[in-house]
Structures are given as C-alpha cells and as structure tokens.
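Here's the structure we're looking at; comments come further down.
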Amino acid sequence: GAGVSQSPSNKVTEKGKDVELRCDPISGHTALYWYRQSLGQGLEFLIYFQGNSAPDKSGLPSDRFSAERTGGSVSTLTIQRTQQEDSAVYLCASSPRVAGRGETQYFGPGTRLLVL
Amino acid sequence: AQTVTQSQPEMSVQEAETVTLSCTYDTSESDYYLFWYKQPPSRQMILVIRQEAYKQQNATENRFSVNFQKAAKSFSLKISDSQLGDAAMYFCAHTGTASKLTFGTGTRLQVTL
C-alpha cells in the first residue's frame, strides 16, 4: 500500500511569510508525528497526534508553529512569520495502533524548507 | 529526559565486510524500545531494526543485527556482508512512555569497493 506522503517536497519562502506543510499518513494509522531535521539541532520531535486525544505539542519551538489533524487523517504543519532558523527538513511519520508506545513509526520523504 | 549518543560521525566499510555502529542511551524508564533507522540521500527514514527492552534476545533482520546490552545502556548495530546500497546515515533512536522518538546525531556509513 501507499506510504506516508508529504507535500510540497521542497519549499522556498521569504522571511516573514507563512507556510503550510502537508502530511498524508498511511491509511488506518491512528498516530501521526512531526519532526524537524536541521544541521544545527539534528532530529527533533515537534508534535504528536493520537486518535481523538489532545495532541502532545511539547516539541513545538515557538508559538509561530502550529499543527492540526483533520478527520484523524491528513495533518498540516503551519509556520507563521518564518525565520531563517526555520530552514530545515520537516519529516512526518505515522504508526498503526492506538497504544502508540514502541510502535514502529513510518516516515514520509520530508519537506525541505528554505527561508531566505 | 532520554538521551541517545552516537559517537561515530562517520564510518567506512569495504563491500562484503562487517561493520558495527555504536549507540548508547540514557533513560530512567524500565520499559522502552530502541530502533535503528537508515536515511539514504532520498531523505526518507527507513526502519532497519527494532528492539524491545524487556526482551533479552538480540533482534536480527537478515544482514542486520544488534548487540543490546541493557545494563550498559548500549545498542550497537552490526551490518554483515555490507553492500553498496547500505551507504546512508544511520540513526539510533529511543522511545519510552512518551511515544515520540529521541534520536542520536547519526553515523554516516560509506561503503567502498
């Protein structure tokens, strides 16, 4: 079946603009994660959605970052008033079962964001 | 807080030889899971192997195996009969009570002829 898909693959934006990054998880997967991969910070957790529970937003670096998951499927990560330090690869992952713990996370190809 | 340390930024191995990538971690939890992910230039993270901490038996997937030393908090990855397609970044990762993954800084593996 289809894997996790993300769009766009690459995004170039100007400082101060808002951007939206999209993630389509594997069908039927109840858990969805966003991570950020940057040269300076490595791979960092951003946010986690599990079923109908309140999301774990503990990794969001500032209030310029937000995410939503509609209908328990597609997720959008929004970065407002982008800054150059937001330049990174944004990775989305999903996992199959409600319990979440220890489940393998399946990753998408990522969106490379460049803020000029 | 959990931490994962990969002390080898780069490793090189000849085709058909064996290489071991190191990983240590720190956690206060007794129930947790460890992973090795591979990231080729295409950027997509691919699961290589998964280990449940409560299982003493080391996980194995074809040419990939781990040496899990729970007391030492060590989780190394052994790649046997290395192939050109094994060249990639390898990340060690941990998850516990919180479902998020905590990653190490990665090891870039080069495979030479």
At a 1.4 Å probe, which residues in region B:91-113 are at least 30 Å² less accessible with all protein chains present than in their chain isolated? B:99, B:100, B:101, B:103
Sites residue B:84 and residue B:47 - FRET efficiency at Förster radius 25 Å, r taken between beta-carbons, to 0.05: 0.80
Over chain B, with neighbouring protein chains present, the accessible area per residue in Å² at probe 1.4 Å is 49 Å²
Dipole in debye (nearest 20) - region A:1-108, about Cα centre, beta carbon charges: Lys, Arg +1; Asp, Glu -1: 60 debye
Round to the nearest 0.05 the FRET efficiency obtained for residue B:11 and residue B:70 when R0 = 22 Å and r is the Cβ-Cβ distance. 0.40
Comparing A:73, A:38, A:94, which has the greatest mean-square fluctuation in the GNM of chain A with Cα pairs linked when under 10 Å apart? A:38
How far is the Cα center of region A:33-78 from the Cα center of region B:61-112, in Å? 24 Å
For region A:36-116, run through the chymotrypsin sites (Phe, Trp or Tyr not before Pro) and keep only the ones in DSSP coil with at most 14 other Cβ atoms within 10 Å of their Cβ. none
Debye, to nearest 20: dipole size of region A:9-70, +1 on Lys, Arg Cβ, -1 on Asp, Glu Cβ: 120 debye
Each residue of region A:52-64 in turn: what ³J(HN,Hα) in whole Hz from Karplus with 6.51, -1.76, 1.60 and θ = phi - 60°, glycine and Pro shown as x? 9, 6, 4, x, 8, 9, 5, x, 5, x, 7, 6, 6
Pairs of lysine residues in chain B - Cα separation under 18 Å, sequence separation of 8 or more or cross-chain: 5
Given a 1.4 angstrom probe, I'd like the percentage of the accessible area of region B:67-107 that is carbon and sulfur, rounded to a whole number. 51 percent
So, with a 1.4 angstrom probe, what is the percent of accessible area on chain A that is carbon and sulfur? 47 percent
Please state the equivalent ellipsoid semi-axes for chain A: what are the square roots of 5 times the Cα gyration tensor eigenvalues, largest first, in whole Å? 23, 14, 13
Which of the three applies to the protein assembly as shown, rounded, prolate or oblate, going by the alpha-carbon gyration tensor with a ≥ b ≥ c and a/c under 1.5 meaning rounded? prolate
At a probe of 1.4 Å, how much accessible area disappears from chains A and B on forming the pair, both sides counted, to the nearest 100 Å²? 1800 Å²
With charges set only on the Cβ (+1 for Lys and Arg, -1 for Asp and Glu), what does the dipole of region B:1-84 come to about its Cα centre, in debye to the nearest 20? 100 debye
Accessible area of chain A divided out per residue, in Å², using a probe of 1.4 angstrom: 48 Å²
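The values are calculated or read from the model by the stated rules, or taken from the named source; none is laboratory data. These numbers come from a predicted model, not from an experiment. A quick note on method: Cβ atoms are made from the backbone with ideal geometry, for glycine too, and the neighbour counts reach across all protein chains shown. Accessible surface is based on the protein model in full, side chains and every heavy atom, while ligands, DNA and RNA are left aside. Shrake-Rupley method; radii C 1.70, N 1.55, O 1.52, S 1.80 Å.
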